[in-house]
Amino acid sequence: MIELLSSRSRRLNSLRCPRARYWLDEAFGTGFSPVALAIPLVTGGSVHVGLASVMTDAMTGEIGEREIENAVELARNDYQHQCAGRSFAVEELESQSFVYNEQIALTEALVRLAGMRVVPKILELYEVLEVERMDRAWLTGDGMRGLDPSWTVDWRSIPDALLREKSTWDLYILSWKTTAEFDKRKDEDARVDMQGLSEGWAVEERLAGWAKALKTGPDNAFVPAIPNWFIEHFESGGSPIIRGVQMVYLIKGARRKKSKEDMLAGGVTEEQIKAGGGQYKTASPLIYGYVNDPSGTSPKFAWSSDWHCRAPHGMRRSQWYPTGECPGDGRLHRRGDDWKSFPAWEMLTVKTWMDWLADGTVSPEAGDALDQSWAMPVPHYRTRGASESWLRQTRSAEARLARELIEIREYESAWGESRDEGVWDALIARLDETFPQATEKCGNWWGRKCPMWEICHGPGHVAQDPVGSGLFRIKEAYGEAVTTE
Ligand SMILES: [Zn+2]
């Protein structure tokens with residue numbers, strides 16, 4: 001029996017570029033990952049570890065200081081573990097240690113934000129029933145006609161959590177997104193993407209199995225232990241249908257070029273800056289603040305350089321503010337040059353800075369920095385038609401891919417045994433026919449260079465021996481198959 005894995009991230013790779021799907025997920029039975037770390041993937045992954053801890057605690061109680069500190073520790077440890085012995089894919093002039101320290105601080109900040117503000121809000125509306133439970137479902141059935149019966153296509157997904165709305169008892173899937181920026185269009189994109197459909201389908205398959213077992217009695221040996229929440233839910237008439245997806249966005253801030261002044265202070269030369277080189281920092285008020293007179297006896301702090309005021313406040317006397325007072329009517333102010341940006345993790349700690357942001361110690365006239373760093377829009381509702389349509393598309397596409405892979409595997413093993421250039425050329429020719437290159441994505445793979453760039457466009461020996469090139473490693477097993485960004 002040969003098992004082909006499928007998941008949302010694999011489908012997304014196929015839809016963006018069939019060749020990238022092959023190299024990332026399927027080549028030689030494993031797929032390859034770049035050795036260099038992609039900054040947003042590492043941060044997103046470690047934040048998810050902390051979020052899973054907070055959500056697990058939320059299944060049985062409230063979230064307090066102890067739960068938050070525990071989650072922060074797990075997330076930071078995960079970050080260290082992911083980075084051990086590896087380096088980030090960054091521009092030449094960037095400092096690896098700066099990126100590491102900044103991103104681990106950002107990871108901590110987003111986990112703290114979730115514990116302090118977001119999860120309590122989720123708990124007002126929902127009960128948490130499950131956290132990161134993996135679903136496996138078989139993409140078999142009529143849509144798989146023509147597939148060799150010795151192959152199965154095994155769909156896997158791990159929803160961040162399963163929620164039940166307190167007021168209706170409807171079931172929802174929770175999806176955390178760490179995002180550089182959030183706006184309405186981002187949420188509209190998410191509304192039509194396949195996540196709710198795919199994860200919802202896999203959970204419903206499982207719940208339908210449980211419901212069937214409860215109806216037919218306990219003698220079905222293939223059904224795993226059914227948790228109490230479901231027995232209670234089902235026997236009280238609760239629906240096993242997933243109503244929709246509750247997205248929650250944690251806003252990381254965009255990585256922007258540092259000011260020239262900052263770069264010069266960081267050892268970059270004028271010539272390097274002129275040549276277009278840069279160092280970047282992540283614009284988040286959770287990890288950067290502004291300070292006025294840091295070496296004086298009473299330094300002043302702020303969390304933004306531009307701000308719309310919310311209440312009357314004092315201003316330096318000028319022709320615009322002859323009384324030295326602003327009415328606080330929402331106008332935009334910009335702080336002067338005597339305010340300097342500083343990294344919270346160096347000057348204070350992330351915890352101290354965020355506690356100050358939470359209790360209004362820092363520039364409360366500029367609004368609430370914590371609540372500007374997350375968003376929880378109304379849920380995205382699933383329709384039966386959209387779910388069925390997604391399933392048909394996925395089944396037929398993955399069946400086609402499985403049939404193509406069966407043939408590619410023969411070329412792969414022939415190449416593995418012979419290392420014959422003619423066999424290699426035949427493998428590439430077959431890939432050209434079945435896994436075409438969507439070249440417009442090469443330079444814009446989720447906003448960065450495609451991770452398989454060197455395999456497609458580098459020297460020929462890289463594709464022939466990705467691991468030996470030093471640029472790639474064999475993709476880790478199932479965890480990565482379903483990791484979400
Ligand atoms: Zn004002």
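The values are calculated or read from the model by the stated rules, or taken from the named source; none is laboratory data. Computed from a prediction, not measured in an experiment: that's the story for all the values here. Note that each Cβ is placed from the backbone with ideal geometry, even for glycine, and that neighbours are counted across all protein chains shown.
Here are a few things to note about the model shown:
- Number of the condition not met by SER373 [criteria: (1) out of contact with any strand residue (DSSP E or B) (no Cβ under 8 Å at 6 or more places or on another chain); (2) under 30 Å from ASP170 (Cβ atoms)]: (1)
- Residue match in the range 21-29 (condition: under 24 Å from GLU127 (Cβ atoms), of a type in the set (Asp, Glu), out of contact with any Gly (no Cβ under 9 Å at 6 or more places or on another chain) and modelled with pLDDT under 95): no
- Test: residue in the range 316-339 that is assigned to a strand (DSSP E or B) and among the basic types (Lys, Arg): yes
- Residue among GLY324, GLY314 that alone is within 13 Å of the ligand (Cβ to nearest atom), free of Cβ contacts under 8 Å to residues at least 24 places away in the same chain and surrounded by 11 or more Cβ atoms within 10 Å (Cβ to Cβ): GLY314
- CYS309 being within 8 Å of the ligand (Cβ to nearest atom) and in contact with a Lys or Arg (Cβ under 8 Å, 6 or more places away or on another chain): yes
- Of the candidates ALA358, ALA369, the single residue that is modelled with pLDDT of 90 or more, in a loop (DSSP other than H, G, I, E, B), within 33 Å of the chain's Cα centre (by Cα) and of a type in the set (Gly, Ala, Ser) is ALA369.
- Annotation note: of GLU130, GLU62, the sole residue that is within 20 Å of the chain's Cα centre (by Cα), outside any helix (DSSP H, G or I) and under 30 Å from VAL203 (Cα atoms) is GLU130.
- If you go through the range 35-56 and keep only what is crowded, with 21+ Cβ neighbours inside 10 Å and in contact with a Leu (Cβ under 7 Å, 6 or more places away or on another chain), you end up with THR43, VAL47, GLY50, SER53.
- For GLY422, the conditions (1) more than 16 Å from the ligand (Cβ to nearest atom); (2) surrounded by 15 or more Cβ atoms within 10 Å (Cβ to Cβ); (3) not in a loop (DSSP other than H, G, I, E, B) are fulfilled apart from (2).
- Matching option when the condition is assigned to a helix (DSSP H, G or I), surrounded by 14 or more Cβ atoms within 10 Å (Cβ to Cβ) and touching a residue at least 24 places away in the same chain (Cβ under 8 Å), among SER239, SER198: SER198
- Consider the range 242-283 and keep the residues that are assigned to a loop (DSSP other than H, G, I, E, B) and β-branched (Val, Ile, Thr). The one that is surrounded by the fewest Cβ atoms within 10 Å (Cβ to Cβ) is THR269.
- Qualifying residue in the range 384-396 (condition: more than 16 Å from the ligand (Cβ to nearest atom), surrounded by 15 or more Cβ atoms within 10 Å (Cβ to Cβ) and not in a helix (DSSP H, G or I)): no
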